[in-house]
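The values are calculated or read from the model by the stated rules, or taken from the named source; none is laboratory data. Small disclaimer: the values here were computed from a predicted structure and weren't measured. Methodologically, a virtual Cβ is constructed for each residue, glycine included, from the backbone with ideal geometry; neighbour enumeration extends over all protein chains shown.
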Amino acid sequence: MLSFDSPTHSLRLEGEWKVRPTPLQSSILPNTSVFEEKLLVPECANLQPVLFPDRPFWGDHLRGLNDQAWVYRKTFTTAAVPFKRARLRFEGVDYFAEVWLNGTCLGTHEGSFAPFTLDATDAFRPGELNTLLVKVSSPWDKPNPRGSYPINHVIRSLVKGQYEHGEGVIPPNVNPIGIWRPVFLLLDDGVSVDRARVETALDGRLRVTLAVTNATGAVWRGTLALNVTAENHDGPSASSSSPLDLEAGTHEIKQALVLSEPRLWWPWDQGDPNLYRLEATLRDEAGQVTGRLTTTFGVRTVHLERTRDYFTFWINDRPVFVRGSSYMPGLYLGHVDRELLARDVALAREANLNLLRVHVHVSPPELYDICDRDGILIWQDFELNWTHDASAAFEERAIRLQRDMIAMLFNHPSVITWTCHNEPTMVFAHRENYEQRPDPALYDDARQQDPTRPVFICSGQMEHDWERAGDIHTYYGAIWSRRYTDVYRHQMRLNTEFGFEAPAALPTLRRYPDAWKRLEHLESQIEMLWSYQAELVQYHVEHLRRTRDGGTAGYVHFWLVDLVPQVGCGVLDADRQPKGGYSALQRASQPLQVSLEHDGRRPVALWVLNDTPHEYPGLNVTWRVSDAQGRVVESGQAPCDVGRNASQRILTIRWRASPASCERVDLALVDGAGAVIAQNWYSHPFRPSQRPDGYPWKFDPYLGFKVFDQPGAVSLVDQNASSLLRLVPLGVRESLAEWGMRQKLPVWMLSLVARAAHPFVQDGR
């Protein structure tokens with residue numbers, strides 16, 4: 001018999017679940033459900049890596065799991081304790097859930113990330129055997145015969161970013177499914193604090209909004225106490241206590257508190273990430289605790305200054321340049337633990353990043369707590385990616401789940417922005433998500449739910465819509481063009497994607513035969529491909545940092561960690577082994593850095609890039625240029641006073657050595673005592689490497705990623721291509737595709753083409 005954790009009466013339903021498949025459209029009949037004794041899965045797990053531990057990433061055996069539903073069964077007996085209300089709380093079920101307890105249907109839920117609670121008072125049997133059944137499904141979308149892989153080969157009908165995200169992110173046969181977070185039985189006296197929201201001001205004023213439920217059926221009388229204490233510092237506290245008469249139902253209660261001399265929360269490169277803890281307690285007239293909730297928060301404000309010419313993020317009324325990378329911790333979130341998340345955040349910070357873009361998904365809650373404590377900013381995407389259902393019904397579902405996301409994450413000071421949809425206009429003929437449904441409604445609702453953070457209606461090629469979005473994704477030197485130096489001519493307000501795919505480390509690849517047998521031709525090329533990734537990443541980052549004073553708010557590289565052993569944009573492979581791009585990202589992202597401006601042919605200038613709030617007077621920039629034999633052909637130094645939060649051009653370069661002889665350039669920033677406080681270097685900067693052969697079009701449909709010059713590999717432009725289109729020579733189609741991806745055509749023209757090719761449905765059907 002299981003006992004409750006006193007005094008909360010909260011029981012975690014630990015241990016294995018029995019599972020069995022069932023047709024997607026079947027109804028659960030609890031009295032006739034039969035389970036195989038041997039088909040057991042652990043709690044907090046996705047089905048794919050449990051049922052197929054040796055082949056969890058690729059193959060039709062994975063796709064078949066989502067062609068059916070799965071019924072989970074658990075029995076439990078509890079100690080008999082006094083209670084008035086019983087509830088079941090699910091921390092995460094991917095994706096649809098239908099819940100039965102002892103033959104009674106408690107309810108249904110949609111969404112992979114959002115916790116949900118169902119009333120079980122009438123069905124629960126204290127002191128007796130209880131049988132819990134959960135039907136779980138995450139079905140595939142139907143193919144879109146007019147679409148092209150991987151953008152709109154399906155019209156996505158789930159509010160879920162962790163599936164159908166092909167071409168080197170999510171493998172094509174993976175659609176995670178399962179009860180991937182803990183399940184709890186909650187017993188109480190019918191009164192509870194269900195949610196707390198804390199809005200902060202820099203002078204210490206706090207606005208606390210509580211959701212409080214009285215399920216007793218009568219008026220409840222007692223007191224509500226709020227207590228705010230320092231969580232990771234020694235700052236002062238604040239508290240209040242007030243009588244409360246609570247009618248039956250759920251109520252929103254607003255309270256105000258003031259913290260004297262508040263310690264502000266800062267990203268790590270700007271200050272300390274100071275946190276506070278709020279405890280909200282309900283006591284009845286006898287003084288007994290009937291409800292309690294705790295949450296952590298930080299005193300922090302965020303504002304994105306948007307104009308037609310420039311963007312600037314302001315944290316606590318200070319301009320902060322964001323240096324970020326996109327991130328998803330794992331393909332199967334049920335198998336991601338706090339240790340792995342903490343290691344990834346540490347790797348991001350070691351790479352000198354101050355931001356992670358949580359890409360097209362909501363991560364496990366531990367990530368947000370770690371980022372709060374480590375001072376890492378979070379750009380939070382909603383779970384929409386590429387082309388989705390444009391109906392009114394889907395819009396309603398999406399709004400409901402976006403509200404869940406905002407409510408879940410509101411108190412985390414690390415979260416500084418919401419993005420409603422990633423790249424909804426990647427296909428010219430599909431703009432209805434962005435222009436009609438669901439994006440405009442999602443944007444308006446997000447601003448209403450959270451007026452304290454900037455909201456992006458979507459992310460992608462959105463420079464024209466600078467009031468609601470304004471960022472851009474560029475892939476010069478990758479899928480856009482052959483030279484990464486092509487980015488040199490472009491000023492951007494905010495670049496939130498750039499990068500290049502490179503293979504995982506050899507030991508990582510060799511452990512997975514599915515990948516290795518298709519990539520072994522790259523064994524001798526991996527170092528070259530890593531070097532190219534490094535050159536591209538360094539060049540883009542330094543270019544974007546130099547344009548800060550011209551209106552650039554920051555950058556978000558794509559991306560930090562690959563999800564599987566593959567050819568991917570991660571600068572860390574799936575085993576967290578660094579590729580060449582990691583050290584380049586680390587070096588280029590130093591908060592205080594010295595940089596060489598060049599256009600790929602000749603040197604232009606030396607810069608100092610300072611993203612810190614500190615001034616550095618009396619420094620010297622030094623340089624040394626070596627030829628291929630290691631002989632120094634240029635050297636010198638120049639004095640500089642470095643201002644806070646600025647990018648400064650220090651010196652126009654007039655080196656006598658020819659660019660062709662400059663094999664390596666070493667730069668340093670030296671203080672008045674002769675100590676080196678920043679270093680940087682470049683290999684053959686005026687002979688930049690060329691984009692590798694076979695990239696970006698050579699593709700493996702089974703693996704779902706690029707394979708460079710693999711013999712016999714198909715071209716990505718041939719995926720879903722019509723027989724008529726195939727009459728155009730392949731090389732011409734590939735060149736046209738690259739040209740089309742990097743064009744900035746007038747919005748009116750794009751919209752006109754989209755409406756002609758795919759008329760918008762005005763009635764929402």
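Per-structure values
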read-out	value
Identity of the residue in region 107-121, surrounded by fewer than 20 Cβ atoms within 10 Å (Cβ to Cβ) and either small (Gly, Ala, Ser) or part of a strand (DSSP E or B) (or both), that ends up nearest to the chain's Cα centre (by Cα)	Glu110
Region 432-457, residues that are in a loop (DSSP other than H, G, I, E, B) and in contact with a Pro (Cβ under 8 Å, 6 or more places away or on another chain)	Ile457
Selection within region 147-180 - in contact with a helix residue (DSSP H, G or I) (Cβ under 9 Å, 6 or more places away or on another chain), over 19 Å from Leu563 (Cβ atoms) and either outside any strand (DSSP E or B) or acidic (Asp, Glu) (or both)	Ser148, Ser157, Val159
Helices (runs of 4 or more DSSP H) lying entirely in region 477-577 (those with 1 or more residues that are in contact with a His (Cβ under 9 Å, 6 or more places away or on another chain) and within 25 Å of Leu355 (Cα to Cα))	526-546
Residues of region 700-716 satisfying the condition of being in contact (Cβ under 8 Å) with a residue 40 or more places away in the chain and either surrounded by fewer than 17 Cβ atoms within 10 Å (Cβ to Cβ) or under 17 Å from Met741 (Cβ atoms) (or both)	Pro701, Tyr702, Lys706, Asp709, Pro711, Leu716
Complete set of residues in region 144-186 that are of a type in the set (S, T, N, Q) and within 22 Å of the chain's Cα centre (by Cα)	Asn152, Ser157, Gln162, Asn173, Asn175
Odd one out for Phe124, checked against (1) buried (at least 17 other Cβ atoms within 10 Å of the Cβ); (2) within 30 Å of Ile170 (Cβ to Cβ); (3) not basic (Lys, Arg)	(2)
Conditions (1) more than 34 Å from the chain's Cα centre (by Cα); (2) assigned to a helix (DSSP H, G or I); number of the one not met by Asn66	(1)
Residue among Leu367, Leu384, Leu353, Leu377 that alone is surrounded by 22 or more Cβ atoms within 10 Å (Cβ to Cβ), over 26 Å from Thr301 (Cα atoms) and assigned by TED's automatic domain parsing to the domain that holds Gly581	Leu384
Lone unmet requirement of (1) in contact with a helix residue (DSSP H, G or I) (Cβ under 9 Å, 6 or more places away or on another chain); (2) buried (at least 17 other Cβ atoms within 10 Å of the Cβ) for Asp309	(2)
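Residues checked against (1) among the hydrophobic types (A, V, I, L, M, F, W, C); (2) crowded, with 17+ Cβ neighbours inside 10 Å; (3) in the same structural domain as Thr290 (by TED's automatic domain parsing):
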residue: Gly204; (1), (2), (3): no, yes, yes
residue: Leu210; (1), (2), (3): yes, yes, yes
residue: Thr223; (1), (2), (3): no, no, yes
residue: Asp245; (1), (2), (3): no, no, yes
residue: Leu259; (1), (2), (3): yes, yes, yes
